[in-house]
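Have a look at the structure below, then the notes.
The values are calculated or read from the model by the stated rules, or taken from the named source; none is laboratory data. Bear in mind the structure is a predicted one, so any value in this text is a computation, not a measurement. So basically every Cβ, Gly included, is an ideal-geometry build from the backbone, and we count neighbours across all protein chains shown. To get the accessible areas, we keep the full protein, side chains included, count just its heavy atoms, and leave off ligands, DNA and RNA. Shrake-Rupley method; radii C 1.70, N 1.55, O 1.52, S 1.80 Å.
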Number of protein chains: 2
Amino acid sequence: MLKEERQRLILDKLNTDKKINFVELGKFLDVSYDSIRRDIIELEDKGFLKKVHGGAVANSYLSVLGTKTNGASSSEELGILSKKAQKLFENRQTIIMDGGTTNFFMAEQLAKTLELTIVTNSTPLAMALNEHPRIDVIFLGGTYFKRYQITLGSEVSRQLEHINADYYFMGVNGVDAQKGLSIRHYEESLIKQQMMQAAKKTVCCTIEEKLNVQEAHRVCNFQQLDLMITNLKPTDVALKDFQKQGVEII
Amino acid sequence: MLKEERQRLILDKLNTDKKINFVELGKFLDVSYDSIRRDIIELEDKGFLKKVHGGAVANSYLSVLGTKTNGASSSEELGILSKKAQKLFENRQTIIMDGGTTNFFMAEQLAKTLELTIVTNSTPLAMALNEHPRIDVIFLGGTYFKRYQITLGSEVSRQLEHINADYYFMGVNGVDAQKGLSIRHYEESLIKQQMMQAAKKTVCCTIEEKLNVQEAHRVCNFQQLDLMITNLKPTDVALKDFQKQGVEII
DNA sequence: AAGAATACTGCAAATGTATGCAAAGTTTTT
DNA sequence: AAAAACTTTGCATACATTTGCAGTATTCTT
C-alpha cells in the first residue's frame, strides 16, 4: 500500500468519524502503529488534522469531499421532501438558499423552465444551478469556509442588507419544537438570522433524522418559521409536538 | 511496446484504480521497473498524475475536470506553465486569482504546506482549494455568471476596493504584443482592470494558443504586465515580439 | 503514586530513487 | 541504403525513504 493512499484513507476516515485511534487504524489498514503515527504527524504538518494523545481529530478546515448525499435511504427522503417544496416556487421570485445537502438537492431538482433569482452563499449550490438557464444567481461573497463550502462573515452580512427575498430556505442541523432551529457553527447561525430578516417568509426543509435534534447555536425559535417541509406526512405522529406550535407543516 | 501506448495504458489504469504501484505495473506490462518509473516522471511533468514514493496517484485535476479538458496537449502545456508559476508563491502572501482553466490548474498544484490568502471570484477555484488546509479563501460575491462560473458586477468591484494583494494572476482569452490582453466578456474586463489595481504585481499565465490572439475587450496593454508565464521557453521565437516590450517572461 | 496506555528514538531491513552507461531500436541525414 | 544522430531501454551502482521493531520516556487513568 502506498503511503499516499494510506493517508488518503486516513483523511477519509477522519472525515466520517471526526476522530481516529492509532491502534484501531493500524489493525484496520494492516500496518504498524508507527506508520500510522508517522502519517498523522505528516498530515498534521500539512494542516489537515490535529494530533491528540492516542489518535487524531478533524481540523475545522478539513475538506468535505463527500458533498454528495449520504446514502440511498436519505436520498429517498430528500426526494419526497424536494417534491413538496417545488410547489412553492413561482416565476420571478427571489429566493435565499444557504448550504447543506437538502438545499443542494432541491436546487438540482428545480424545473429548468423556472425563472428565479437565487441568492446563496454556497459554492456547490451556485454550481448546481449552472444547468438552469433561467435562474439568476447572486453569490454572497466573504470568507470562505471550506468545511461547509459556504462564505460567512461581515461581508456576507453587509450584502444581505440589500436583499429583499420572497423566501428563505434555511438548512439546519437540528429542529426541535422547544429548543428551536439550531446549527453547529456560530458564525453561520448569525448569517442565518440575517437571512431570515432579508426574506418575507422562512422555510425549513428537513429530513426526519434532524427532528428533535439540538445543536450548539440556536438560529431562531420554531414558531418564527413560516413553513416546515419534511419527508413525513404532516399527520405523522413524529410531528405531533411541532404541529402544536402553529407553524404550517407540509 | 511503444512508449506512447504504454503511457496510455498507465493513465487508463490510474483512471480506474486511482493509484499505481511500479512493481505491479512493471510485471503487468512486462517492462522493467525503470521504464515505468521514467514514464511516470514524464507523465507527472505533463501534469497527468502525481508521483509518490513507490508509485503514483491520480491528480485531482483530471478527475474533476477530466472530460472537460481540451485535450491532452493542453494539459501538458498547463503542467509546464504551472510548474514555473509555483516558484512565485511564498508563505503569507495574498494572491488574487480569477477564473479560467489555467488558474484552476495552478491552484490545485499549490503545495499543501503553503500558507496563503487567495482572493477569487471563481467558484471552481474556491472549491479546488478545499484540499489546501493552510490556504484562506476570500470569495468575492456578486452576480454569478454561469458560463464562466465566476461572479461579476458592482458588488465584486466594491469588495475589491478593500484588497491589497501581492500578486494578481490574470486569466485571459488573448495576449497580443500590440493589442494587449483581451477577453470576451465586457464586464469581466472591467473587473480584471480593478483586480490589477488591487495587486502590487500582475502576472499573466498563458499557453501558447492564446498568444497573438485578440478578443473583443482589452483589459490592459501588454507593457502593463509585470510578468508573463508561458509553456514555452523564454527564448522561443514565438515570444520574440513580446520580449521587445520589456516585460519579464519566464 | 502505580500501572497501563501511548509516544518517541534510533536502528536495521526492505524497498524505492537517481544517475550513468551501454546495447538496442528509431529517426534523420547523406 | 548506409551512416549518423538521437531515443529508449535495462541494468548496475550509490544514495534516500519508508517501515517495523525494541527499548525507553512520557502521559493518562484510577
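Taken together, the residues in the range A:88-99 that are open to solvent by 20 Å² or more (accessible area, probe 1.4 Å) and in a loop (DSSP other than H, G, I, E, B) amount to 4. Taken together, the residues in the range B:38-62 that are more than 14 Å from chain A (Cβ to nearest Cβ) and near DNA strand D (Cβ under 9 Å from one of its atoms) amount to 3.
Is it the case that the range A:181-201 has a residue that's in a loop (DSSP other than H, G, I, E, B), crowded, with 21+ Cβ neighbours inside 10 Å and in contact with a Phe, Trp or Tyr (Cβ under 6 Å, 6 or more places away or on another chain)? No, the range A:181-201 has no match at all.
Counting the residues of the range B:1-25 that are free of Cβ contacts under 8 Å to residues at least 24 places away in the same chain and within 8 Å of DNA strand D (Cβ to nearest atom) gives 1. The residues of the range B:115-172 that are crowded, with 22+ Cβ neighbours inside 10 Å, assigned to a loop (DSSP other than H, G, I, E, B), touching a residue at least 40 places away in the same chain (Cβ under 8 Å) and facing chain A (nearest Cβ under 10 Å) amount to a single one, B:ASN121.
For the range A:21-32, the criterion of a residue being among the hydroxyl-bearing types (Ser, Thr, Tyr), away from every other protein chain (no Cβ under 14 Å) and within 28 Å of the chain's Cα centre (by Cα) is satisfied by no position. Among the candidates A:THR206, A:THR230, A:THR151, the residue that is modelled with pLDDT of 90 or more and touching a Phe, Trp or Tyr at 6+ places or on another chain (Cβ under 7 Å) is uniquely A:THR151.
Every listed requirement among (1) farther than 13 Å from A:ASP98 by Cα; (2) in contact with a Leu (Cβ under 7 Å, 6 or more places away or on another chain) is met by A:SER182 save one, (2). Filtering the range B:99-106 for residues that are polar (S, T, N, Q) and within 7 Å of chain A (Cβ to nearest Cβ) leaves an empty set.
Against the list (1) farther than 19 Å from A:GLU4 by Cα; (2) touching a Leu at 6+ places or on another chain (Cβ under 6 Å), the condition B:LEU9 fails is (2). Are any residues in the range B:100-114 open to solvent by less than 10 Å² (accessible area, probe 1.4 Å) and in contact (Cβ under 8 Å) with a residue 60 or more places away in the chain, and if so, which ones? Across the range B:100-114, the qualifying residues are B:ASN103, B:MET106.
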